Amino acid sequence: MLRKSGFSLIELLVALLLISITLLGTARLQMAAQQQLDRGFYTAQALALIEEASRRIYLNYDQRNAYQVNDLSNLSSVTCNPCSPQELVRLDLSHLSENLHTLFPSANASIRRCENTLCMSVAWFGAGTEHCDQEQDCIERFLL
């Protein structure tokens, strides 16, 4: 009696199917990890921008209500030397806008009143700043 050894074609196809499913799962896992890594990077950059805004507002505390702006992304450049407190607000917002464009080319940011304090929202990848607590690509923090 002849004894057959080796793999049949069906066994080989099943093995290839299992390997391809495993490789697809691994690729998907790597993609998800990269997205979370990117989100962490953008969140850290947004927090640094919010910290800078908080510092600038604190240094010009008497004009804190003048820092409210709905869209920080399209402010023009301002220069002054020396600056009055009102000019310093425009200069600070101009610097924040430049830093926003440097860190996030397609981002949006706003500074607005939240109850009795100021809040700053930074959104990237087209996310809106209106509902920052519900968006994934957005962060909001209290300034003062």
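The values are calculated or read from the model by the stated rules, or taken from the named source; none is laboratory data. Remember, it's a predicted structure, so these values are computed and weren't measured experimentally. Glycine also receives a Cβ, built like all others from the backbone with ideal geometry; neighbour counts cover every protein chain displayed.
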Any residue in segment 129-142 that is modelled with pLDDT under 85, in a strand (DSSP E or B) and farther than 19 Å from residue 42 by Cβ? yes
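Here's the yes/no breakdown for (1) surrounded by 15 or more Cβ atoms within 10 Å (Cβ to Cβ); (2) out of contact with any strand residue (DSSP E or B) (no Cβ under 6 Å at 6 or more places or on another chain):
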residue: 80; (1), (2): no, yes
residue: 94; (1), (2): yes, yes
residue: 100; (1), (2): yes, no
residue: 103; (1), (2): yes, yes
residue: 108; (1), (2): yes, no
Can you tell me which residue is surrounded by the fewest Cβ atoms within 10 Å (Cβ to Cβ) among those in segment 1-59 that are aromatic (Phe, Trp, Tyr) and touching a residue at least 60 places away in the same chain (Cβ under 8 Å)? 58
Would you mind stating whether residue 73 is closer than 22 Å to residue 142 by Cα and under 18 Å from the mean Cα position of the chain (by Cα)? yes
